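The values are calculated or read from the model by the stated rules, or taken from the named source; none is laboratory data. These numbers come from a predicted model, not from an experiment. So basically every Cβ, Gly included, is an ideal-geometry build from the backbone, and we count neighbours across all protein chains shown. Areas reflect the complete protein model, heavy atoms only, side chains present, ligands, DNA and RNA absent. Shrake-Rupley method; radii C 1.70, N 1.55, O 1.52, S 1.80 Å.
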Amino acid sequence: MTDVIIVGGGLAGIVAAREAALRGRKVLLLDQEGEQSLGGQAFWSLGGLFMIDTPEQRRMGVKDSAELAYNDWMGSAQFDRPEDANPRKVAEAYLSFAGGEMRSWLHSIGTRWFPVVGWAERGGAMAHGHGNSVPRFHITWGTGPGVVAPFERDVRNLSAEGKIELLFRRKVTDLIVENGTVKGVRGEVLADDDAERGRSTTRDVVSDFELHASAVVLTTGGIGGDHDMVRRYWPEDRLGKPPKRMVAGVPDYVDGQMQRVAETAGAAIINGDRMWHYTEGLANWDPIWPNHGIRVLPGPSSMWFDALGTRMEAPYLPGFDSLGTLKRILSTGHEHSWFILTQKIIEKEFALSGSEQNPDLTSGKFIEVLKGRLMSKGAPAPIEAFKRHGEDFVVADDLEALVAGMNALTPEVPVNLDKIRDQIVARDAQIENPFSKDAQITAIRGARAFRGDRLIRTAKPHRILDPANGPLIAVRLNILTRKSLGGLHTDETAQVLKPDGSAFEGLFAAGEVAGFGGGGYHGYNALEGTFLGGCIFSGRAAGRAV
C-alpha cells in the first residue's frame, strides 16, 4: 500500500512529494493534466520569492530585518477573525523561514537569484499599514521554470529510483473516508492529451480508479480559472461589485474542484472571500489558455486614470496597493482604467509578469539580460510586441490623437480631452524643481533612491507632454484574476481541520488550495513573492508531516 497520495503536481505538490520520499515514504503523485504540465502554474510565474535580509539585499544597500518584515506582514495581513489563529501561526513560521534557512536551503539544491531585488507592493500609506518597507522580491534565475527545476529534477530522480510513482491524467472526484479518516481517493482516468503546457485539455473519461494510502495531501491550487466561482466568493462589501469581465491570469484547470470535493467530505474552508487580483491586466495578443491575461509590472511613473478620466490619488499609484487600487477602480462603476505614459517610461519601467514574457531572465544568462534591457534600443521585445499587437495599447504623437484612440477602444465610457490635458499639464509643472507637492513625483524620486530602481526600473522624471520623450502611449488595463488567499483550514503541519477545529485525520493540504498555509497566511493582502514562497514552505511542511 502507498504511504502518501499527493493530488496535484504543481510546485507545492512536487515539494511535498520530494520531502516525503526523502523521508522514506512511498509516494504516489497524481495530476489531472499530462506529464508536460508537471510544476503547474508556477512554471508561468516570474519566479519571485519573498526573503528577508539576504546577501542580494545587502549588496543593493537594503537594510532589512526580521522585525521590519514582521511589521510589514502583519500590517498587510490585518488578521481580524477568530479563524485567523492558524493562518497567523503559519505566517509567523514562514517569516522565520524566509529570514532564516530559506535562502541557504534553496541555494543548496541549485536555486540562484537575479542580483537586483525588486520592490513590489510598496503600500504608500502608513508605516503600520500595508506594504513592503524595503525591496524583498528576489527573482529566481530562470524565473518560474527555475523555481520548479530543482524540485522537478529530484522528483524525477526519486521516481526513477521507485520512491515516487507519477500518474498523470488522473482527475480525483472523491475522497475515501472511513470512520472519519481519509483513506484514499477515487476518480476518473482522462484520455491522453499532448496539448502544450497551459492549453485546455480534453476531459473525456476512459476509466475509473480507486487508490488507498495512509495519508492524502491536496495541492491542487486555487479558483482563479473559474470566474463564476471567483464572483461567488467576491467580497462585495470590501471591494465593490465583482467585474462582469476579467482576463484570466491562470489556466482554466485552476478551478477549485478539489476544494469543493474536500469540503463535501467534511473539511473546513475559511477566508474564501479573501483573494488577490491585479488591476494591470492585458489581453494577451498571443494567448495560451482561454481569455489569457498578462499583468503589467509597472514602475512608478505612468500616470494612472480611472475609466472616467480622473487621475487616481495616492496610494493608488503603480506598484503600491493592489487591492486598494482594485476597490478604487471599481468604485467608478466601471472595470477598466488607463495608464498614460511616454516611450521613455515604457523602455525603462514596463515589465510583464510571467516566464514566457521574460525570455532573458528565463534563460538564466546575465548577458541576455544586459542585451535585452540595457544594451538594446526600445523597450524589451515582449513589451514592443504588445505595443504593436495588443488590443489594449494606443500609441500617438500628440494628446489629441491619443485620447481619440482611447475613446475608440471604450466608446461606452469616453474620457474628456481637456480634463486629461489639464491633469497632465499640472503634473508636468511639478518636474521643474527637485521638490514637489505631487505624491507620485515624490514616490518616483523615492524609488530612484534605491539603486536597483534607478538602474533598471525607474525612468528619470520628465514631462509627459514633451515631444522629445514621446511618442505618447495609453494602455487600457483590465482586472486580472490570480490568487485565492483563503482555502482549506490547516494547522502549521498542513493537517486539514474540520469545521469544529478538530483534525480531519489522514488529510493534509498545501499551496493555494490551503490559502498557501493555514487557510490564508496572507490575511487580506499579499506582499508578493509569498505565493511561490508559500507553496514551497507549506509543501515542505506537508511532506515532512505525512
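The single condition among (1) closer than 22 Å to Leu175 by Cα; (2) touching a Lys or Arg at 6+ places or on another chain (Cβ under 9 Å); (3) surrounded by fewer than 24 Cβ atoms within 10 Å (Cβ to Cβ) that Ala545 does not satisfy is (2). Can you name the residue in segment 136-152 that is outside any helix (DSSP H, G or I) and out of contact with any Gly (no Cβ under 6 Å at 6 or more places or on another chain) and, of all such residues, is surrounded by the most Cβ atoms within 10 Å (Cβ to Cβ)? Looking at residues that are outside any helix (DSSP H, G or I) and out of contact with any Gly (no Cβ under 6 Å at 6 or more places or on another chain), I get Arg136. Here Arg482 clears all of (1) out of contact with any strand residue (DSSP E or B) (no Cβ under 6 Å at 6 or more places or on another chain); (2) open to solvent by 20 Å² or more (accessible area, probe 1.4 Å) except the condition numbered (1). Note on segment 1-35: residues that are under 27 Å from the mean Cα position of the chain (by Cα), at positive phi and open to solvent by 20 Å² or more (accessible area, probe 1.4 Å) total 0. When each of Ser76, Ser104 is tested for being open to solvent by 30 Å² or more (accessible area, probe 1.4 Å), of a type in the set (Ser, Thr, Tyr) and at pLDDT 95 or above, the lone residue that passes is Ser104.
Each row is one residue, and each column tells you yes or no for (1) at pLDDT 95 or above; (2) in a helix (DSSP H, G or I); (3) in contact with a Phe, Trp or Tyr (Cβ under 8 Å, 6 or more places away or on another chain); (4) within 16 Å of Gly221 (Cα to Cα).
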residue: Arg260; (1), (2), (3), (4): yes, yes, no, yes
residue: Glu263; (1), (2), (3), (4): yes, yes, no, yes
residue: Thr279; (1), (2), (3), (4): yes, no, no, no
residue: Trp289; (1), (2), (3), (4): yes, no, no, no
residue: Val296; (1), (2), (3), (4): yes, no, yes, no
residue: Gly299; (1), (2), (3), (4): no, no, yes, no
residue: Leu308; (1), (2), (3), (4): yes, no, no, no
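Do we have any residue at all in segment 468-477 that's part of a strand (DSSP E or B) and open to solvent by 20 Å² or more (accessible area, probe 1.4 Å)? Yes - at least one qualifying residue is present in segment 468-477.
Residue count for segment 235-249 satisfying the condition of being open to solvent by less than 60 Å² (accessible area, probe 1.4 Å), outside any helix (DSSP H, G or I) and under 16 Å from Arg328 (Cβ atoms): 4. If we keep just the residues of segment 375-394 that are in a loop (DSSP other than H, G, I, E, B) and either on the phi < 0 side of the Ramachandran plot or touching a Cys at 6+ places or on another chain (Cβ under 7 Å) (or both), which is modelled with the lowest pLDDT? Restricting to residues being in a loop (DSSP other than H, G, I, E, B) and either on the phi < 0 side of the Ramachandran plot or touching a Cys at 6+ places or on another chain (Cβ under 7 Å) (or both), the top hit is Ser376. Filtered by the rule that a residue be open to solvent by 50 Å² or more (accessible area, probe 1.4 Å), touching a residue at least 60 places away in the same chain (Cβ under 8 Å) and assigned to a loop (DSSP other than H, G, I, E, B), segment 449-459 gives a lone residue, Arg457. Determine if segment 426-448 includes at least one residue that is modelled with pLDDT under 90, open to solvent by less than 80 Å² (accessible area, probe 1.4 Å) and not small (Gly, Ala, Ser). The answer is yes; a qualifying residue exists.
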